[in-house]
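Read the structure below first, then the notes.
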Amino acid sequence: MFRSGIFFGVLAFMSVAALADPPTTQPITDFTKGTASFSVVGAYAHSFDSSEARIETVAVGGGYYFLDHMAINLELAGFWVQQPGPDAQIAEANLLLRHHLLVIDRFSFLIDVGGGISYANERTPYPDGTNFNFTLQTGLGATWRLKDNMYLLGGVRYLHFSNAQIDGKERNPSINATEGYFGLLFTF
């Protein structure tokens, strides 16, 4: 509980800082207003609570920079969850806000936050979870330009699965995990 309070405090501070305009000395890059993006990402997450889940993910997404350095993305993901009991396959759709806080030459440092809905073929987490869950993810990342309009994308996120008590308190276990992700981001 204490760790999550610190985490969300730092996240709130960074979110307020993210709303500030980037310094005018930064070069304008492919992350300007009106730019579209496409990403392909792979991820691995391991729960840090009692759910004992390991999660592998593949996600594709499309985004639009509605402000300089700030995008909204729609992502579709497939999760493979190793958990006590039967393993689960999960399909998810989410919206993710991404803000490049610092852009210097080929490098950018970013923060993102998003949420979505998911459906699993097995109860997740097993045995008291449900097939339908909500997801929340937030974290820090970076991009490195490989060539015009093509970037390496990677970072670390907090990942949460739960059903928000739609089946009552006793049927609302959750998965809280640390996720590392890595992939490619294309802008056009």
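The values are calculated or read from the model by the stated rules, or taken from the named source; none is laboratory data. Predicted model, so just to flag it, every value in this text is computed and none were measured. Reconstructed Cβ throughout: ideal geometry from the backbone, glycine too, with neighbour counts over all protein chains shown. Ligands, DNA and RNA are stripped out before the accessible areas are found, and what is left, the full protein with its side chains, is counted by its heavy atoms. Shrake-Rupley method; radii C 1.70, N 1.55, O 1.52, S 1.80 Å.
Descriptive notes on the structure:
- Computed in the context of the full set of protein chains, the accessible area of the stretch 120-188 at 1.4 Å probe radius has 58% of its extent on carbon or sulfur.
- Distance between modelled label sites at Ile72 and His46, nm, 7 Å Cα→Cβ extension: 3.7 nm
- Calculated FRET value between Arg54 and Phe186, using beta carbons and R₀ = 35 Å, to 0.05: 0.75
- Hydrodynamic radius of the stretch 116-180 per Kirkwood, over alpha carbon pairs, in Å: 13.5 Å
- Projected over all directions and averaged, the alpha-carbon convex hull of the stretch 44-85 occupies 4.1 nm².
- Per residue, the stretch 81-148 exposes 45 Å² of solvent-accessible protein surface, assessed with a 1.4 angstrom probe and all protein chains in place.
- Evaluated at q = 0.17 Å⁻¹: base-10 log I(q)/I(0), Debye formula over Cα of the stretch 60-188: -0.88
- Surface share of carbon and sulfur [accessible, 1.4 angstrom probe, percent] for the stretch 63-104: 75 percent
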